[in-house]
Amino acid sequence: MGAGGFAMLVDLTIAITCFALFTGPLLLGVVDRHGSPAAQAAFGALAAAPLILRRRRPVAVLCVITAVSVAAMLLRVQFTPFVSDAGLVFPIAVYTVADRCARRMSAVVTAGAVLAVSLGGAVAFSLHPEIEQDAVHLLLAVPAWIIGDATRSRRKFQARVREQERLSALERQRRLRAEDHLRLSREVHDVVSHGLSMIVVRAGIGRVVFDEQPEEARRALATIETAGRSALSDLRGLLREIRETAPGDAAAAPGLADLTALAAQISDDGVVSVSVVEDGPPRSYPPAVELSGYRIVQEAVTNAVKHAPGAAVTVRLTHRPDHLLLTVSDDGGHGAPADPVGAGLGLAGIGERVELLGGDVVAGPDPDGGFTVRARLPVRVTDAAGAP
């Protein structure tokens with residue numbers, strides 16, 4: 001049974017219960033009131049039956065029940081044991097109107113119903129003074145309307161809260177997708193920038209020494225092939241991560257432990273010489289810090305390759321209890337810049353990575369002609385067992 005069928009069954013039960021509790025005693029002779037049993041049964045049924053449709057037509061149901069009550073007063077029929085045919089039928093109808101309709105509309109409809117019943121009672125009292133009349137409908141309608149309006153307000157508030165939660169969840173998903181796209185764009189930039197920079201530099205060297213130093217030219221071609229294969233492999237991994245719905249394998253991402261291999265590879269290419277120095281024993285860092293640290297060093301060294309060929313580059317990792325300090329400095333080199341056009345997006349990408357981790361970065365020329373990039377990454381350091 002669906003929700004609609006269950007609600008209809010509940011309303012049918014309410015209608016039958018109201019008829020049995022308030023009109024049944026008159027039909028059984030337990031209570032003696034004005035009117036024939038047939039008239040009492042008819043008016044009792046007419047008053048209770050509309051409750052079956054109270055959720056679908058709340059205003060119409062209240063109007064019908066009001067009309068039945070007024071008609072019973074004028075025709076000198078009492079279909080409940082109480083004065084003015086008081087019972088649960090009228091307050092249930094008022095409650096439903098307040099619960100299902102807007103506040104202003106429900107207040108107007110309820111006031112109209114109470115006024116109609118009160119005027120009907122006054123007229124009936126003048127026509128049939130032997131039958132008592134009172135304002136019990138007003139006393140029943142006021143609390144019923146208050147409870148119904150409070151129920152509607154609470155349901156509306158809960159709906160707004162659910163909608164806000166839904167919108168917040170959508171916004172979180174949108175933000176996570178945007179952050180993931182930004183992260184992947186940085187990865188693509190770093191991979192392509194490093195690989196192409198090595199290719200461009202070595203291609204320029206090979207072109208210059210092609211005739212006089214064929215061995216050096218062959219070495220440059222080998223470096224170009226190695227750099228191209230490495231960049232292609234990294235790009236394939238990133239594209240695979242973009243296509244897959246699940247996050248990429250974090251273990252495949254490079255980290256600080258891979259800096260030594262990166263330094264050896266770049267030094268073997270012969271454009272610059274790179275050395276890695278660590279201050280303090282190596283420690284375990286979160287994956288985001290590991291990957292960002294590697295990419296920051298990679299980008300800084302790539303800048304040295306492009307702008308300071310022949311330089312000696314020193315990568316220093318300083319381990320502190322609450323942060324990791326990365327310092328990449330070169331001595332200025334001795335050759336013409338391989339990429340004299342401009343700085344590109346390298347330093348901007350470094351700044352974005354550091355900012356995402358809540359750190360700070362300083363980059364600029366040194367007095368002795370070199371260039372230094374210094375990035376501080378706040379971290380929550382863990383030991384070998386993974387404990388803080």
From phi via Karplus (6.51, -1.76, 1.60), per-residue ³J(HN,Hα) for region 110-123 in Hz, x at Gly/Pro: 5, 4, x, 5, 5, 5, 5, 5, 5, 5, x, x, 5, 5
Taking amide H positions as placed 1.01 Å from N in the peptide plane, with prolines and chain starts having none, which residues 5 or more places from Val313, or on another chain, fall under 5 Å of its amide H? Ser273, Val274, Ser275
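If I stretch the segment between Arg218 and Leu232 completely, what's the gain in nm (0.36 nm per residue apart, minus their alpha carbon distance), one decimal? Please report the intermediate quantities before stating the final value.
On the way: separation 14, 0.36 × 14 = 5.04 nm, distance 2.09 nm.
Between Arg218 and Leu232, full extension yields an extra 2.9 nm.
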Report, in whole Å, the centroid distance computed from the Cα atoms of region 1-48 and region 76-121. 16 Å
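How much accessible area per residue does region 57-114 have, in Å², with a 1.4 Å probe?
Details: 2280 Å² over 58 residues.
Accessible area per residue, region 57-114: 39 Å².
Mind checking the per residue accessible area of region 257-327 for me, 1.4 Å probe, whole number of Å²? Walk me through the numbers on the way to the answer.
Details: 2580 Å² over 71 residues.
Per residue, region 257-327 has 36 Å² of solvent-accessible surface.
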Share of accessible surface on carbon and sulfur in region 21-115, whole %, 1.4 Å probe and ligands ignored, is 70 percent
Under 9 Å from the Cβ of Arg54, count the other residues' Cβ atoms, weight Lys and Arg +1, Asp and Glu -1, and hand me the total. +3
Could you pull the accessible area for Leu21 with a 1.4 Å probe, rounded to 10 Å²? 100 Å²
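The values are calculated or read from the model by the stated rules, or taken from the named source; none is laboratory data. Remember, predicted model here, so these are calculated numbers, not experimental data. Don't worry about glycine lacking a Cβ; one is built from the backbone with ideal geometry, like all the others, and counts go over all protein chains shown. The accessibility values were calculated without ligands, DNA or RNA, using every heavy atom of the protein model including side chains. Shrake-Rupley method; radii C 1.70, N 1.55, O 1.52, S 1.80 Å.
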